[in-house]
Amino acid sequence: MKKNVFLIGGFIIILNSCAQDPIPLEPGVASLLSPANNETCLDGTSLNDTQSNVSFSWSAASDAISYEVVISNLLTQSSQTYTPPSNQTTIALTKAEPYSWIVKSIGEEGSTPSESEQWKFYLAGDAVTNYAPFPSELISPRSGANITPDINNLVILNWNGSDVDADLESFEVYLDQNDGTTLNTTLDYQAQDTSIEVEVQNNTAYYWKIIAIDANGNQSSSGVYTFRTN
């Protein structure tokens, strides 16, 4: 609040005026540049038997003051956040494992950070000629969701699977009421976005996961999600 002071006829007059604080500018969305999406990252710089340096870069976002790079190991499902001084950075990562990465653009105080799209890559290992599929991304039902089966007691499981070698061959669908270790069915790979109807009971908790398998027998697990039927 701003105070204006005036001297009128020997009297001091104080008037209060309300001036709104300026609305903070929202930061733009960064465009990811490197490593490329779904790339086998062969240009990492080897540090030792287990780690390589990977260079990350993205376009500068409008009205961004700083950035956060979030890198997730898709096998261990662990994430690390880095705060680089500019729109590029180099990070040491474990070889022969799949990763995803996003960039958050941070604006001035009071603004909402923006988030880039997510890209994936597979960091090359020594003498690796074929890579396991990326762990499938479980889309629906989300973990912890409550869903209502249709009139035939069916629900739809939906996931997204991909492979940098383009030799993804099949999916194993696991579904049960305990821990997601019971094989329900096996599907031939048709497309990255895959769905299947499964029969369930009402008012029951279920656990599910997807195992992706390529033509060389390499496998990756999505991790287990749980949902409950109404």
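The values are calculated or read from the model by the stated rules, or taken from the named source; none is laboratory data. All figures in this text were calculated on a predicted structure; none of them were measured in a lab. Virtual Cβ from ideal backbone geometry, glycine too; neighbours counted across all protein chains shown.
Is one or more of the residues making up segment 91-110 loosely packed, with under 14 Cβ neighbours inside 10 Å and either within 16 Å of the chain's Cα centre (by Cα) or charged (D, E, K, R) (or both)? Lay out the reasoning, then the answer.
First, pick out the residues of segment 91-110 that are loosely packed, with under 14 Cβ neighbours inside 10 Å: 92, 108-110.
Now restrict to residues that are either within 16 Å of the chain's Cα centre (by Cα) or charged (D, E, K, R) (or both): 108-109.
The answer is yes; a qualifying residue exists.
Restricted to strands (runs of 3 or more DSSP E) entirely inside segment 111-229, those with at least 3 residues that are at pLDDT 95 or above are 137-140, 145-147, 154-160, 168-176, 183-188, 193-199, 205-214, 225-229.
Every listed requirement among (1) surrounded by fewer than 17 Cβ atoms within 10 Å (Cβ to Cβ); (2) touching a Cys at 6+ places or on another chain (Cβ under 6 Å) is met by Phe121 save one, (1).
Just one of (1) surrounded by fewer than 20 Cβ atoms within 10 Å (Cβ to Cβ); (2) farther than 29 Å from Ala30 by Cα; (3) touching an Asp or Glu at 6+ places or on another chain (Cβ under 6 Å) fails for Asn146. It is (3). Might you let me know whether segment 86-97 holds any residue that is on the phi < 0 side of the Ramachandran plot, among the hydrophobic types (A, V, I, L, M, F, W, C) and touching an Asp or Glu at 6+ places or on another chain (Cβ under 9 Å)? Checking segment 86-97: not a single residue is on the phi < 0 side of the Ramachandran plot, among the hydrophobic types (A, V, I, L, M, F, W, C) and touching an Asp or Glu at 6+ places or on another chain (Cβ under 9 Å). If the condition is being within 23 Å of the chain's Cα centre (by Cα) and loosely packed, with under 13 Cβ neighbours inside 10 Å, then segment 152-178 contributes only Ala166.
Residues checked against (1) under 30 Å from Ala96 (Cα atoms); (2) of a type in the set (Ser, Thr, Tyr); (3) not assigned by TED's automatic domain parsing to the domain that holds Gln219:
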site	(1), (2), (3)
Asn160	yes, no, no
Ser170	yes, yes, no
Thr185	yes, yes, no
Ala191	yes, no, no
Val200	no, no, no
